[in-house]
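Chemist: Please see the structure below; I have some questions.
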Amino acid sequence: MKFKTFTYPVPPPEDPEELNAFLGSARVLSVNQYECRSGNASCLVFVVEYLDGKPAGQKGKSQPRIDYRELLSEADFSLFSQLRDLRRVIAERVIAN
């Protein structure tokens with residue numbers, strides 16, 4: 001895990017571009033906000049805990065499709081097809097609920 005901090009004066013900018021850009025480009029685990037005061041000056045500090053890599057939902061280059069009918073034996077492909085169909089039925093039931 002890594003941490004990155006962002007500091008803004010109070011009141012913060014309406015659109016903290018640097019923070020928003022980072023949140024959109026990282027695999028964020030958590031964001032904590034702290035208010036710091038020094039005399040009359042106040043600031044907000046955002047501590048972002050993140051992992052290396054692309055955020056969820058963002059894929060790299062698409063992989064070529066695999067033709068399992070060619071890759072598997074006839075018996076294995078039959079079992080694969082049955083399992084795929086079962087997975088589809090279960091997913092439809094979960095979505096319906």
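Chemist: Take the range 2-26 and flag every residue that is closer than 15 Å to Arg37 by Cα, in a strand (DSSP E or B) and either open to solvent by 90 Å² or more (accessible area, probe 1.4 Å) or of a type in the set (Ser, Thr, Tyr) (or both).
Modeler: Thr7, Tyr8
Chemist: If you go through the range 22-36, how many residues are farther than 16 Å from Lys2 by Cβ and either modelled with pLDDT under 90 or hydroxyl-bearing (Ser, Thr, Tyr) (or both)?
Modeler: 2
Chemist: Here's a check for you: in the range 53-97, which residue that is more than 30 Å from Ala26 (Cβ to Cβ) and polar (S, T, N, Q) is modelled with the lowest pLDDT?
Modeler: Asn97
The values are calculated or read from the model by the stated rules, or taken from the named source; none is laboratory data. Small disclaimer: the values here were computed from a predicted structure and weren't measured. Quick reminder, even Gly has a Cβ in these numbers, built from the backbone with ideal geometry, and neighbours come from all protein chains shown. These accessible areas exclude ligands, DNA and RNA; they are computed on the full protein's heavy atoms, side chains included. Shrake-Rupley method; radii C 1.70, N 1.55, O 1.52, S 1.80 Å.
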